[in-house]
Amino acid sequence: MTEIPLGPAVETEPFHDDDLYHPRSWLTKYVFSQDAKVIAIQYSATALFLGFVALALSWLMRLQLGFPDLVTFIDADAYYQLITMHGMMMVVYVLTALFLGGFGNYLIPLMVGARDMVFPYANMLSFWLYLVAVVLLLSTFFLPGGPTGAGWTLYPPQAILSGTPGQEWGIILMLLSLIVFVIGFTMGGLNYVVTVLQGRTEGMTLMRMPLTVWGIFTASVMALLAFPALFVGAVMMLFDKLLGTSFFMPALIEMGEHLKYGGGSPVLFQHLFWFFGHPEVYIVALPAFGIVSDLISTHARRNIFGYRMMVWAIIAIGALSFVVWAHHMYVSGMNPYFGFFFATTTLIIAIPTAIKVYNWILTLWRGDIHLTTPMLFSLGFIITFVNGGLTGLFLGNVVVDVPLSDTMFVVAHFHMVMGVAPILVIFGAIYHWYPKVTGRMLHEGLGKLHFWITFLGAYAIFFPMHYLGLIGVPRRYHEMGDATFFPESAQSLNAAITVMALVVGAFQFVFLFNLIWSLRRGEPAGGNPWRATSLEWQTPETPPPHGNWGRTVPVVYRWAYDYNVPGAAEDFIPQNQPPAAAGGMA
Amino acid sequence: MTESALPRTAAGSPTRAGLRSVASDLASDRRAFRTASWGKAMMWIFLLSDTFVFGCFLIAYMTARISTPEPWPNASQVFSLEVAGTAFPLLLIAIMTFVLISSSGTMALAVNYAFRRDRRTTTALMLATAALGATFVGMQAFEWSKLIHEGVRPWGNPFGAAQFGSTFFMITGFHGTHVTIGVIFLLIIARKVWRGDYEEGRRGFFTSRRGHYEAVEILGLYWHFVDLVWVFIFAFFYLW
Ligand code: HEM
Ligand SMILES: [Cu+2]
């Protein structure tokens, strides 16, 4: 047999510039753009918008909890709809989309020295499918019956039965929207993963990548493996609803009548959902871990402590998080031996996580800490994350979890660990990279005010919920009713939480104002305002143009953490600075 | 200044061996997988993700089958084909499987000829693959209509547990969709090979990128994967 020649792509062609797609019209440049940076902004803007919608929903819920008779249209049904849409939006459509679609698209190509994502066309489709998913989701507000009230976990059988609000259209469109989201995400996710694996510039080895890229990369791999379970679960439930199959539906009697269902397994859905749902927590957390590492290192002018350990911890957390899912199911009636196994794996995850926290603190130790807004938000993240992690240890143990399950304690826990903590990172990251994206600084004074109100406010809102949970206030209840075992003060505490939630929520509009105002009026930033080392700050122009690097792609000579290197001329050495020019030891 | 040479990492050092060299290759600059182009890497990772989709479907099927209280229909009875008055268990499915596996053979040949830039033979082999794939889908449609005719529905059937029909239609339908998509892409890429797009570096209509003959190989990966999945579906539905 003759030798088969290898495909031409094997010739070292990381990038032929002529293969870069050059938009010719306004429409292909700004709307149907294939440029990862434009797609990133589209993703972020859409996700931020949804974030404000979800915030408004949380206001309504809080009003109901704090002042039960104030808003008359919130009855039990409406309350269910509010929590469902709030929870689902925040977790999937806001946080996932922001971290991967937004930061992933903007930062990966720039940080690894690529000109764009490897498949710009699929990348563009990814955003448009996301938009379709968002429209499907929002449309349920306007359809008969309204959005689904099944809770963000969508547990069958109740999710698709009458009695749950939104069983006409809400649940169907919710499932469809999730399916479209997964397909769209897959197109983007393949881009993020392959760009990191195969699209790096010369000298950019895996172990020289900034931790931001490691976090987003690992999260994308996880998403590609975890979203399939959500996809399958959604498809099957859609069939249960539309075709009358009984995948998840046992035999049921409703209003004295046998339903047509029989023989299905509701616990199966819970397994599918949490096989997606738990990794999802880390899909949100790992990018946050990565970004925080870079923010801390840059703003404390110190190399990250234990870089290798940090990378391995990210990978270990990513892998372990696929074998802990059933800690969300301790009260589901599954085999009790499962609980033992899953509690063990859950507690093991604490080890790599704790390593990361120690390394952040050791990075700060004796650092030259600049209390800039991004640094403040990073510190806030460490505190809230540790806080949420500790309550996670409570909930990870079966015996402690069983009484706390479905109480406000759980709500407090997950808001701390996957609500507040990642949101703080997102804010920090926006303050950090906004100058690169727009060429202007955000207003620092407003930024610091934003930080203090958000950080302290988040504590005022969510910390008391731990206590409410401990005294037994249940989750997903629209009022406490006449139960006698709550002290009177529980209701006044609820009212206080609500007031804080309104204040903190309102203050986010100041942040929005800052974003818009600084676009024109912000201080000009220059190319590298934070004197940072990683590649995105070394672009020839700011904001980086189409193709990112001008004529030649940068060559990388070092890792991203050369701050305060002894003997170097400056207190930072960019990754693309050749050894001879840097002075000192390279 | 010992490290001043361009840091291609440890590549080239003669002492690398075994696992270590694997690790240092993966960690090298530019590409983790030295011999994989972007497209190929993308397809492998997509297939990994798709494996999880099929895996979830099949695990869901097994769970449904174990947990339903009704008896499961007898596969060799339900899936028998009547020829000249005698019922042959699994006859149709054996033919379908044979057809699909054969199409993997023609696909592999097509990849080989594509790298030799033999446009004629490549096109012919790809069309043959597409034809076999279409035959498979056609026979599947025949089987579906036969079952539907006998009263099998997604929500119930006369032979036993309702989940039988639900999982069967869902999973074979999902797989059949994969085959159909594969057939469509086979036709598209066969046309490009025939027209000589990959010789003259013509740009794609949507992506505006130049194609390579490697596209045939990447499509081949997908096609073999879809075949492999069928083997599992076959085993779990027809032999269990
Ligand atoms: C603006 C600050 C926020 C406030 C005031 C808030 C408030 C609330 C309230 C009152 C509930 C319902 C509790 C219950 O009755 O069960 C809830 C549920 C939830 N929230 Fe938030 N939240 C906020 C931000 C977030 C963020 C950033 C996330 C992102 C992870 C998030 C995720 C969730 C989830 C997943 C649920 C559970 C929904 C369910 O039970 O189905 N929230 N939130
Ligand atoms: Cu979990």
ask   = What accessible area, summed over both chains, is buried at the A-B interface (1.4 Å probe, Å², nearest 100)?
value = 5100
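Given the -39500 (n - 2.57) contribution per DSSP H run of 4+ residues, what per-residue ellipticity at 222 nm results for chain B, rounded to the nearest 500 deg cm²/dmol? Please report the intermediate quantities before stating the final value.
Values: 8 runs with 158 residues, N = 240.
Helix contribution divided over all residues of chain B: -22500 deg cm²/dmol.
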message = What does the structure give for A:234-246 when I average, per residue, the other chain Cβ atoms found within 10 Å of the residue Cβ?
response = 4
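Before rounding to the nearest 500, sum -39500 (n - 2.57) across all DSSP H runs of length at least 4 in chain A and divide by the residue total; then give [θ] at 222 nm in deg cm²/dmol. All intermediate terms of the calculation are to be shown ahead of the outcome.
Details: 16 runs with 330 residues, N = 586.
Roughly -19500 deg cm²/dmol at 222 nm, from the helical runs in chain A.
Take each of the peptides A:223-231, A:202-210, average the number of other beta-carbon atoms within 10 Å over its residues, and list them starting from the highest. Write down the numbers at each step before the final one.
Values: A:223-231: 24.9, A:202-210: 22.1.
Per-residue Cβ counts within 10 Å, averaged per peptide and sorted highest first, yield A:223-231, A:202-210.
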key: Rounded percent of accessible protein surface that carbon and sulfur make up, chain A, 1.4 Å probe   = 69
key: Reachable lysines from A:LYS29, criterion Cα separation under 30 angstrom, eight or more residues apart if same chain   = A:LYS37, A:LYS436, B:LYS40, B:LYS192
query = Ignoring ligands, DNA and RNA, what accessible area per residue does region B:38-239 give at 1.4 Å, in Å²?
reply = 44
note = Calc'd 3J(HN,Hα), region B:85-101, phi into Karplus 6.51 cos²θ - 1.76 cosθ + 1.60 (θ = phi - 60°), Hz, glycine/Pro = x, comes to x, 9, 8, 9, x, 6, 5, 4, 5, 5, 5, 4, 5, 4, 4, 5, 5
ask   = Where the only charges are on Cβ atoms (+1 Lys, Arg; -1 Asp, Glu), what is the dipole of region A:415-509 about its Cα centre, to the nearest 20 debye?
value = 480
Accessible area of region A:101-195 divided out per residue, in Å², using a probe of 1.4 angstrom = 24
request  = Could you go through region A:457-466 in sequence order and give the Karplus-derived ³J(HN,Hα) for each residue, using 6.51 cos²θ - 1.76 cosθ + 1.60 with θ = phi - 60°, rounded to whole Hz, and x for Gly and Pro?
outcome  = x, 4, 5, 4, 7, 8, 5, x, 5, 4
note = Long-range amide H partners of B:PHE88, meaning residues 5 or more apart or on another chain whose placed amide H is closer than 5 Å, are B:LEU81, B:GLU82, B:VAL83
query = When you look at the Cβ of every residue in A:260-267, what mean number of other chain Cβ atoms sits within 10 Å?
reply = 5
ask   = In the full protein assembly as shown, how much of A:SER246 is accessible to a 1.4 Å probe, in Å² to the nearest 10?
value = 10
ask   = What does the accessible area of A:TYR80 come to, in Å² to the nearest 10, when a probe of 1.4 Å is used?
value = 80
query = What whole number of Å gives the distance from the Cα centroid of region B:68-128 to the Cα centroid of region A:59-115?
reply = 47
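So, counting K/R as plus one and D/E as minus one, what does the shell of residues with Cβ under 14 Å around A:LEU446 add up to?
Values: positive: A:ARG440, A:LYS448, A:ARG521; negative: A:GLU444, A:GLU523.
Once all neighbours under 14 Å are counted, the net charge is +1.
Taking each pair of distinct Cα atoms in region A:29-264 once, what is the resulting Kirkwood hydrodynamic radius in Å?
That comes to 19.2 Å for region A:29-264.
Order B:150-158, A:513-521 from most to least packed using the mean count of other Cβ atoms within 10 Å.
Values: B:150-158: 16.9, A:513-521: 14.0.
Output ranking for B:150-158, A:513-521: B:150-158, A:513-521.
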inquiry  = How shielded is B:198-204 by partner chains, expressed as the average number of their Cβ atoms within 10 Å of its Cβ atoms?
reply    = 1
request  = Classify region A:59-188 as rounded, prolate or oblate, taking a ≥ b ≥ c as the square roots of the eigenvalues of its Cα gyration tensor: rounded when a/c is under 1.5, otherwise prolate if a/b is larger than b/c and oblate if not.
outcome  = prolate
request  = Output ³J(HN,Hα) for region A:430-437: one whole-Hz value per residue in order, computed from phi by the Karplus curve 6.51 cos²θ - 1.76 cosθ + 1.60 with θ = phi - 60°, and x for Gly and Pro.
outcome  = 5, 4, 6, 9, 3, x, 6, 6
remark   = Here, B:LEU26 and A:LEU242, labelled 7 Å along Cα→Cβ, have an inter-label distance in nm of 4.0
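Which of the peptides B:76-82, A:344-350, A:171-177, A:376-382 is most tightly packed, and how do the rest follow, going by the mean number of other Cβ atoms within 10 Å of each residue?
Numbers: B:76-82: 15.4, A:344-350: 17.4, A:171-177: 22.7, A:376-382: 24.4.
Sorting B:76-82, A:344-350, A:171-177, A:376-382 by mean packing, highest first, produces A:376-382, A:171-177, A:344-350, B:76-82.
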inquiry  = With a 1.4 Å probe and all protein chains kept in place, how much accessible area does B:ARG191 have, in Å² rounded to the nearest 10?
reply    = 140
task = Could you work out how far helix A:120-139 tilts from the main Cα principal axis of chain A, as a 0 to 90 degree angle to the nearest 10?
result = 30
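Is the protein assembly as shown best put as rounded, prolate or oblate by its Cα gyration tensor, with a ≥ b ≥ c the root eigenvalues, rounded for a/c under 1.5, and otherwise prolate when a/b is larger than b/c, oblate when not? Walk me through the numbers before you get to the answer.
Working: a/c = 1.88, a/b = 1.07, b/c = 1.76.
The shape class here is oblate.
The values are calculated or read from the model by the stated rules, or taken from the named source; none is laboratory data. This one's a predicted model, so the numbers in the text were calculated from it and none came from an experiment. Because the Cβ atoms are built from the backbone with ideal geometry, glycine has one as well, and the counts that use them run over all protein chains shown. These accessible areas exclude ligands, DNA and RNA; they are computed on the full protein's heavy atoms, side chains included. Shrake-Rupley method; radii C 1.70, N 1.55, O 1.52, S 1.80 Å.
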